[in-house]
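For reference, the structure is listed below as structure tokens.
The values are calculated or read from the model by the stated rules, or taken from the named source; none is laboratory data. Note that the structure is predicted; figures quoted are calculated from it, not measured. Methodologically, a virtual Cβ is constructed for each residue, glycine included, from the backbone with ideal geometry; neighbour enumeration extends over all protein chains shown. Please note that ligands, DNA and RNA were not included when accessible areas were found on the heavy atoms of the full protein model with its side chains. Shrake-Rupley method; radii C 1.70, N 1.55, O 1.52, S 1.80 Å.
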Amino acid sequence: MMPASEKEYLIDFDSEKCTQCHGCEIACKAWRELSYGIQYRRVLNLWQGEYPRVKNASLSLACLHCVAPACEAPCPENALTKRSADGLVMVNETLCNGCEICADACPYGVPQFGDGGIMVKCDFCTTQHLALAHPPCVDTCPGNALSYIEISPVEKRRIEDKTRSLLSSR
């Protein structure tokens, strides 16, 4: 496992701006030409509390490219690596054997297994060589609930913890 990058990136999510239009999901799926059943980004509708004090919140979830990715170390084939230059967690599809250990390790349920049983996930569209300033999910969001940002490892860990807490409360 590589040490944490000094420069980290994140597709930040502001739930107050999300209208649950699922445009980010559709943009990702269309740009990446993902097969049926595979979603790198998904909008979750989170319900909290008990009647009559029920609250609803949205969460647009994709790989967080964690500061210390739980999926990386347990991979027996070393198919997952965190790049030191930008902190992105990348999958080497030629090394992945489809064992799904990474899926069990990820606290966000991000890893999915596409054609041939190989792990796939969001890579901020870095492998797409797009002529866009930001990933399509960010550019498509009509409410600007998604933003592509450079972030410190400390702040990124706070977002990881908050996301983990939101997911465990559902």
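Worth pointing out:
- Residue match in the range 57-78 (condition: within 13 Å of Phe124 (Cβ to Cβ), open to solvent by 10 Å² or more (accessible area, probe 1.4 Å), part of a loop (DSSP other than H, G, I, E, B) and among the acidic types (Asp, Glu)): no
Rundown of residues vs (1) modelled with pLDDT under 95; (2) under 15 Å from the mean Cα position of the chain (by Cα); (3) open to solvent by less than 50 Å² (accessible area, probe 1.4 Å); (4) not hydroxyl-bearing (Ser, Thr, Tyr), yes/no style:
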residue	(1), (2), (3), (4)
Asp115	yes, no, no, yes
Ala131	yes, no, no, yes
Asp139	yes, no, no, yes
Asn144	no, no, no, yes
Asp161	no, yes, no, yes
Ser169	yes, no, no, no
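- Whichever residue in the range 29-53 is among the hydroxyl-bearing types (Ser, Thr, Tyr) and free of Cβ contacts under 8 Å to residues at least 60 places away in the same chain and, among such residues, is farthest from Gly109 (Cα to Cα): Tyr51
- For Asn56, the conditions (1) in contact with a helix residue (DSSP H, G or I) (Cβ under 8 Å, 6 or more places away or on another chain); (2) of a type in the set (S, T, N, Q); (3) without any contact (Cβ under 8 Å) to a residue 12 or more places away in the chain all hold with the exception of (1).
- Qualifying residue in the range 37-46 (condition: assigned to a strand (DSSP E or B) and loosely packed, with under 12 Cβ neighbours inside 10 Å): yes
- For the range 11-36, the set of residues classified as open to solvent by 60 Å² or more (accessible area, probe 1.4 Å) and not hydrophobic (A, V, I, L, M, F, W, C) consists of Glu16, Lys17, Thr19, His22, Lys29, Glu33, Tyr36, listed by residue number.
- Among the residues making up the range 11-43, a single one is more than 29 Å from Glu155 (Cα to Cα) and touching an Asp or Glu at 6+ places or on another chain (Cβ under 8 Å): Ser35.
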